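The values are calculated or read from the model by the stated rules, or taken from the named source; none is laboratory data. What you are looking at is a predicted structure, and each value in this text was computed from that prediction instead of being measured. Cβ: placed from backbone, ideal geometry, glycine included. Neighbour counts: every protein chain shown. For accessibility, only protein heavy atoms count, side chains too; no ligands or nucleic acids. Shrake-Rupley method; radii C 1.70, N 1.55, O 1.52, S 1.80 Å.
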Amino acid sequence: MNFEAIFKQIIYFFNKLNKKQKYIIIGSTVAVVAVLSFLIIFSSTENKTKSSYAVLFENLKPKDAALIVQYLNKKDIPYTIPQSGIIEVPSNMVQKARLEVAAQGLPKSSIVGFELFDKNSFGATDFEQKIKYLRALEGELEKTIDSINAVEDSKVNIAIPKQSIFVSRQTPPTASVLITLKPNMILNPMQIQGIKNLIAAAVPRLKPSNVKIVDQFGNPLGENDELTKTNNLLKTEMIYKRRMEKQLEDNIVSILAPIVGGRNKVVAKVNIDYDFSQVKSKATIYDPNNVVRSEQTIDESKIGIKPKQVGGVPGAVSNIGPVQGLKNSQTTEKYTKSEDTTNYEISTTIKNIIEPLAKIKRITAAVVVDGHYEKNKNGKIKFVPLSKLEIANIENLVKNTIGFDPKRGDSVSVTSFQFTHLNSQNNSKTGKIMHMVNEYLGPVETILKYLLLIIVLFVFYKKVIVPFTQKMLEVKIEEEKPVKHEIEINEEEIESTYDKIKELKEKVEQQLGISGNINEEELKYEVLLERVTKLVEDNTEQVAKVLDNLIREEHPE
């Protein structure tokens, strides 16, 4: 991009304008630059003001914060409190203010750890060093415990008894911890045991069983007695119950807000009755249909002739064989045996059933909805409650939202009342106007915003851009007169110069005794070259334009 050519065109265009048009353009440019500069300076100043403050102290207790603010007011030191527990002062005064505040012994309740050993204290006794080490260890443990999400503040006290040379008289160290919990937060048994192990690992010969923890209400934590377990279980159950009720309330308000005209026109309260008893049951179910466990079948069969047997007193006759005249008894043998054994077993199913820990017994919901507002004949706004059909529809929505179950005995109550804050607004003229605006323009508020923006842009276009454009188009730019880029060469002057040079050359050759023909073409070329060189030196810009036009004609792109 040729910026030089663009700049020349802008200057040429600006020179063709009249004074009024020049003033308009200059004024508009100055106004735009001034507005942009103001916005940049304002935003940078605001950011600089915000960034010019640095943190003086953070994580302050309310008591310490009040004392520090009192001291800053006394010394006329500017400060800001962006959020609870943080105080900021100008960045160039942070170090000085911090030293001055520290000189007053503030903050008093700040936790000090091993920073106690940053400075060497000469002449300190061994007892003082032990006490300082114990304080530093307690401070470091407090910082570690405070990093747990549910803990707001903690205080650790470690008791290290004096060592004895007799093993039987040695007493193990103990520790006590006071924990301030955040609202609606509890420590589970694993976290409590972790705190005990953490403290026990930091102190030599300290056992976790010798670490006692209590909360801000004096309730012991981590004890395995029934009372502690019951209290922890009750806290968990109440927090779970309130959390589920709050979730259902938010769901009801969210679904009804677009219908009734906003979240400030509906109030919902839900109560859930839970059964937190944990029931474990074991059921054995016998199937009346018998199942064959095993079956055995035995079949035996024997068919054949019984062999002959010789009977009698041993002797010659028996050895010889059957005696003549004895009857020959031949019998056919047949043996059959069949045995079937079937074992049956009763089918049994054993189930170990553990019912849910939190079982819903009943849900009750109460919903209050604002009504309509109408003008009477006197122009006053009158409250009109919702109709029975509208209440029935809202009641159906609430039932579907909470999971209504008539078998459990759930109940839902929807009522339409006039809200007090709206009534107080209606008593004043401003309240009436605001209510009417919200009533009639609330559903189309987004559309009106975009419509108003379009109208403003259209007016700006018609009243500012269009007249300015028309004035700009009225400027009559004179057409550029064609510049004669050709170099005029006087041929008669060249011919006379040529004749003079020719005569001179012939005369010089005659005087020198040199004879020869003169090359007229070469002489003309030298004369013309000399003339053109002189013209180029006298008309440098004109020659440059000629060359530029020749290049553009050869390469129009």
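The residue that is modelled with the highest pLDDT, among those in the range 47-76 that are assigned to a loop (DSSP other than H, G, I, E, B) and among the basic types (Lys, Arg), is LYS75.
Within the range 158-173, being part of a strand (DSSP E or B) and open to solvent by 80 Å² or more (accessible area, probe 1.4 Å) holds for no residue. The set of residues from the range 360-380 being open to solvent by 40 Å² or more (accessible area, probe 1.4 Å) and of a type in the set (Asp, Glu) comprises just one member, GLU374. Reported count of residues in the range 366-425, each being assigned to a helix (DSSP H, G or I) and not hydrophobic (A, V, I, L, M, F, W, C), is 16.
When ILE255 is tested against (1) more than 12 Å from ILE402 (Cβ to Cβ); (2) among the β-branched types (Val, Ile, Thr); (3) in a helix (DSSP H, G or I), just one condition goes unmet, and that condition is (1).
For (1) buried (at least 17 other Cβ atoms within 10 Å of the Cβ); (2) assigned to a strand (DSSP E or B); (3) among the hydroxyl-bearing types (Ser, Thr, Tyr), each residue gets a yes or a no:
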{"site": "LYS143", "(1), (2), (3)": "no, no, no"}
{"site": "VAL156", "(1), (2), (3)": "yes, yes, no"}
{"site": "ALA175", "(1), (2), (3)": "yes, yes, no"}
{"site": "LEU187", "(1), (2), (3)": "yes, no, no"}
{"site": "ILE195", "(1), (2), (3)": "yes, no, no"}
{"site": "ALA200", "(1), (2), (3)": "yes, no, no"}
{"site": "PRO204", "(1), (2), (3)": "no, no, no"}
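Of all residues in the range 268-288 being assigned to a strand (DSSP E or B) and among the aliphatic types (A, V, I, L, M), which is most open to solvent (accessible area, probe 1.4 Å)?
So, considering only residues that are assigned to a strand (DSSP E or B) and among the aliphatic types (A, V, I, L, M), the one most open to solvent (accessible area, probe 1.4 Å) is ILE285.
When the range 4-19 is filtered for residues that are out of contact with any helix residue (DSSP H, G or I) (no Cβ under 8 Å at 6 or more places or on another chain) and assigned to a helix (DSSP H, G or I), the ones remaining, listed by number, are GLU4, ALA5, ILE6, PHE7, LYS8, GLN9, ILE10, ILE11, TYR12, PHE13, ASN15, LYS19. Here the range 208-246 is the region considered, the condition is being in a loop (DSSP other than H, G, I, E, B) and surrounded by 14 or more Cβ atoms within 10 Å (Cβ to Cβ), and the residue that is modelled with the lowest pLDDT is GLU223. The residue that is farthest from ILE160 (Cα to Cα), among those in the range 123-138 that are assigned to a helix (DSSP H, G or I) and aliphatic (A, V, I, L, M), is ALA136.
Inspect all residues belonging to the range 285-302 and state whether any of them is within 29 Å of LYS351 (Cβ to Cβ), modelled with pLDDT of 90 or more and acidic (Asp, Glu). So far as the range 285-302 goes, no, none of its residues is within 29 Å of LYS351 (Cβ to Cβ), modelled with pLDDT of 90 or more and acidic (Asp, Glu). Count of the range 77-105 residues, restricted to those that are in a helix (DSSP H, G or I), touching a residue at least 24 places away in the same chain (Cβ under 8 Å), closer than 12 Å to PHE57 by Cα and open to solvent by 40 Å² or more (accessible area, probe 1.4 Å), is 1.
Among the numbered conditions (1) on the phi < 0 side of the Ramachandran plot; (2) over 42 Å from the mean Cα position of the chain (by Cα); (3) not charged (D, E, K, R), the only one that GLY123 does not meet is (1).
Here PHE383, PHE404, PHE417 are screened, and the one residue that is exposed (fewer than 14 other Cβ atoms within 10 Å of the Cβ), within 30 Å of ASN271 (Cα to Cα) and either modelled with pLDDT of 85 or more or in contact with a strand residue (DSSP E or B) (Cβ under 9 Å, 6 or more places away or on another chain) (or both) is PHE417.
Out of LYS361, LYS306, LYS351, LYS334, I need the residue that is modelled with pLDDT of 80 or more, in contact with a strand residue (DSSP E or B) (Cβ under 9 Å, 6 or more places away or on another chain) and of a type in the set (Lys, Arg). Which one? LYS361 is the lone residue from the list that is modelled with pLDDT of 80 or more, in contact with a strand residue (DSSP E or B) (Cβ under 9 Å, 6 or more places away or on another chain) and of a type in the set (Lys, Arg). Remark: pairs (first residue in the range 166-191, more than 18 Å from SER209 (Cα to Cα); second residue surrounded by 13 or more Cβ atoms within 10 Å (Cβ to Cβ) and of a type in the set (Asp, Glu); Cβ separation under 7 Å; 6+ apart in sequence or on different chains) = THR180/GLU152; THR180/ASP153; LEU181/GLU152; LEU181/ASP215; LYS182/GLU152.
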